[in-house]
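No lab work stands behind these numbers, since they all come straight from the coordinates. Predicted model only: the values in this text are computed from it and were never measured. Cβ placement follows ideal geometry from the backbone for every residue including glycine, while neighbour counts extend to all protein chains displayed.
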């Protein structure tokens with residue numbers, strides 16, 4: 001049975017409280033749909049770039065954006081990694097929105113299969129490794145970590161998933177997500193795609209903390225700023241069987257929550273720049289529509305014509321913009337149509 005050791009330090013407790021404050025602040029914003037789409041696109045690009053870059057992918061962010069936009073036919077391995085990560089990231093997000101994700105061992109295997117699509121042979125796709133692996137330090141040019149034997153991997157992952165599921169109502173979701181993240185890296189269950197699979201699975205657990213603005217930030221971005229520090233904090237050295245009983249997750253959890261705070265602050269700082277743009281800026285006549293709806297509960301085109309001196313076609317465009325921003329919805333048909341708040 002998996003029983004991780006960690007301490008709720010003052011720093012960790014402060015971090016958790018700070019994250020909840022930042023999350024509540026972000027969730028209090030009412031983002032227009034057009035802004036959400038743009039923010040989500042940037043978060044996906046950043047996550048894809050950062051998570052693949054951590055693993056040594058050489059493509060800069062500008063090239064990652066280009067690959068995601070053009071989706072070339074004849075692609076290199078580095079481009080395939082980017083496309084794979086972005087594809088499963090979008091799929092996970094869709095499942096989260098539909099509440100159609102069940103956090104299971106099978107789903108983790110499914111993520112790995114998508115992550116390494118066309119990059120590994122089929123017998124290593126969506127399956128735990130069947131041979132020994134070693135973690136080398138390229139700077140020292142020597143092996144620094146020997147993960148558990150392959151025959152022990154399935155049980156170790158099962159125990160980890162069972163731990164997460166059984167403690168959901170007992171342990172803070174931030175702590176659970178952090179413990180899962182580090183333990184998966186320690187187990188190193190796959191021949192390839194360990195880090196990317198782990199970070200994607202961690203995203204699922206983070207979403208369960210009630211971060212409705214989950215799509216707006218990329219916690220991987222923090223790790224990519226100092227990859228050496230990330231590997232130092234998340235990994236371990238020596239032989240797994242000699243050290244696993246002494247593993248303490250406290251310092252990692254402090255670092256893990258530091259990263260989430262850093263990214264949430266970055267997003268919060270950039271939001272005003274995203275919200276105020278020609279596409280999202282509301283004019284006085286738009287505000288009259290919203291004010292009328294707030295007072296009366298709905299508005300018709302006839303009502304609006306009495307508030308402003310604007311042609312029918314122009315009034316239609318005003319309603320259309322507010323609908324595209326997700327601020328109002330149209331109900332009824334043709335001449336009987338009217339608009340209410342969303």
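Taking only the Cα atoms of region 34-83, the ratio Rg/Rh comes out at 0.99, with Rh defined as the Kirkwood radius. Among 24, 226, 15, which one shows the highest mean-square fluctuation when the chain is modelled as a Gaussian network with alpha-carbon springs under 10 Å? Between 24, 226, 15, it is 226 that shows the largest mean-square fluctuation. Comparing mean-square fluctuations of 110, 190, 123 from a GNM of the chain with C-alpha springs under 10 Å, the top value falls on 123.
Relative to the dominant Cα principal axis of the chain, helix 33-54 is inclined by about 20°.
Helix 153-166 sits at what angle to the longest principal axis of the chain, using alpha carbons and giving 0 to 90 degrees rounded to 10? Orientation of helix 153-166: about 40 degrees from the principal axis. Peptides 43-50, 237-244 ranked from most to least packed by the mean count of surrounding Cβ atoms within 10 Å: 43-50, 237-244.
Binning the C-alpha pair distances of region 284-341 at 10 Å intervals from 0 yields a P(r) profile of 24, 65, 11 %, listed from the shortest bin outward. Note on the chain: helix-only mean residue ellipticity at 222 nm, from DSSP H runs of 4+ residues weighted -39500 (n - 2.57) and normalised by residue number, equals -19000 deg cm²/dmol. Volume per residue for region 10-275 equals 139 cubic angstrom (convex hull of Cα atoms).
Against the main long axis of the alpha-carbon atoms of the chain, helix 77-97 sits at an angle near 60°.
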